[in-house]
Amino acid sequence: QVQLVESGGRLVQAGGSLRLSCAASGIIFLPVHMGWYRQAPGKERELVATIVSDGSTNYADSVKGRFTISRDNAKNTVYLQMNSLKPEDTAVYYCNKVVPKSVRLSWGQGTQVIVSS
């Protein structure tokens, strides 16, 4: 059974940086198209960054220029480097495949990021 385990979130001041990790277990290869999602209190989960196995990336406008997604296929791990954090980045962050909802992996527990002003 595939498991996704996110880590690295914590309380940080605005302007600070964090690096999130997402380790996938129970699989031989990391899925081709992976992404970081986030869900803020009272809001729907949104996709903020994606990465394909060839290294190409894409970002939501709200994080473009501040967040960087990367992957280590040998470690089955996806990372999210977050710089210049803002209070509106406060959310629980998750990783998953970038595919229709019906074929995504089971969600992990996520990792909480709180950005104080």
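Within segment 1-61, list the trypsin sites (Lys or Arg not before Pro) lying in a DSSP loop whose Cβ has at most 13 other Cβ atoms in a 10 Å radius.
R10, K43
Rolling a 1.4 angstrom probe over the protein heavy atoms with all chains in place gives segment 25-64 an accessible area of 59 Å² per residue. With a 10 Å cut-off between alpha carbons and a GNM built on the chain, which of S70, S21, S84 moves the most? So, out of S70, S21, S84, the one fluctuating most is S84. Relative contact order of the chain, taken over Cα pairs closer than 8 Å and 6 or more residues apart, is 36 percent.
Here K43 is the anchor, and the lysines within straight C-alpha reach of less than 30 Å, apart from those fewer than 8 places off in the same chain, are K64, K86, K97, K101. Given a 1.4 Å probe and the protein chains as shown, V5 ends up with an accessible area of around 70 Å². One decimal place: the segment L11-Q109 gains 33.6 nm when fully extended, by the rule 0.36 nm per residue minus the C-alpha distance. The listed residues E46, E6 rank as E46, E6 when sorted by accessible area, largest first, using a 1.4 Å probe.
For the chain, which whole percent of the accessible surface, found with a 1.4 angstrom probe, sits on carbon and sulfur atoms?
Working: 3160 of 6260 Å².
In the chain, the share of accessible area belonging to carbon and sulfur is 50 percent.
The values are calculated or read from the model by the stated rules, or taken from the named source; none is laboratory data. Worth saying up front: this structure is predicted, and the values here are computed from it rather than measured. Using ideal geometry, Cβ is built from the backbone for each residue, glycine included, and neighbour counts are taken over all protein chains shown. Surface areas here come from the heavy atoms of the whole protein model, side chains and all, with no ligands, DNA or RNA. Shrake-Rupley method; radii C 1.70, N 1.55, O 1.52, S 1.80 Å.
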